[in-house]
Amino acid sequence: MPRMPAGRSAAAVGYGGFWIRVVAAIIDMLIVYLALMPVRFALHLPIGFMGARHSSGSNPLLLVPMIGVSFLISTAAHWIYEAYFVSSESQATPGKMALGLRVTDTHFQPLSFGAATLRHFCKYLSSLTLGVGYALAGFSERKQALHDMIAGTLVVRR
């Protein structure tokens, strides 16, 4: 039987719906974006110089590895940020904390780093459905998006 959060009955559990989760995601994206600005600047400055030189005959294929590295760093930063915070004692990213949300498994237990990682990468499936996977959080009984259903997680109000 699922364990309820302390002092709550099953009927009293509030789930985080679609719009509050969108706002939390925007907060988290801004935090990661700002944290990565120096790295992006350091990587994109040479890309800009190489692009300028391309018009004078340099090889444009030299840009591909730098763009790939930038993408990998950004992807890894978003993954580690989310998995770390969601599997921490707070059970929430700073965006979710600011809005009084936390992430649990379906038994209202904290997630391990591995479970938080699975949830993060399942978000790519929610994106591949042209956002329908995310929109499910507005319509499902426990406000679960597709990635929550796959990973067996819930977003609940504190």
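The values are calculated or read from the model by the stated rules, or taken from the named source; none is laboratory data. Computed from a prediction, not measured in an experiment: that's the story for all the values here. Positions of Cβ are backbone-derived with ideal geometry, glycine not excepted, and every protein chain shown enters the neighbour counts.
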Does the stretch 122-131 contain at least one residue that is touching a residue at least 24 places away in the same chain (Cβ under 8 Å) and more than 19 Å from Tyr15 (Cα to Cα)? yes
Out of Tyr84, Tyr15, sole residue that is in contact with a strand residue (DSSP E or B) (Cβ under 8 Å, 6 or more places away or on another chain), modelled with pLDDT of 95 or more and among the aromatic types (Phe, Trp, Tyr): Tyr15
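Yes or no, residue by residue, for (1) touching a helix residue (DSSP H, G or I) at 6+ places or on another chain (Cβ under 9 Å); (2) farther than 17 Å from Met29 by Cβ:
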{"position": "Lys96", "(1), (2)": "yes, no"}
{"position": "Arg102", "(1), (2)": "yes, yes"}
{"position": "Gln109", "(1), (2)": "no, yes"}
{"position": "Gly114", "(1), (2)": "yes, yes"}
{"position": "Leu128", "(1), (2)": "no, yes"}
{"position": "Gly131", "(1), (2)": "no, no"}
So, Tyr134, is that one buried (at least 19 other Cβ atoms within 10 Å of the Cβ) and either closer than 20 Å to Ala35 by Cβ or within 13 Å of the chain's Cα centre (by Cα) (or both) or not? yes
Output the number of the condition that His44 fails; it satisfies all remaining conditions of (1) exposed (fewer than 13 other Cβ atoms within 10 Å of the Cβ); (2) part of a helix (DSSP H, G or I); (3) at pLDDT below 95; (4) not β-branched (Val, Ile, Thr). (1)
Only unsatisfied item for Arg142, checking (1) buried (at least 16 other Cβ atoms within 10 Å of the Cβ); (2) over 22 Å from Leu30 (Cα atoms), is (1)
Take the stretch 89-100 and flag every residue that is free of Cβ contacts under 8 Å to residues at least 60 places away in the same chain and surrounded by fewer than 15 Cβ atoms within 10 Å (Cβ to Cβ). Glu89, Gly100
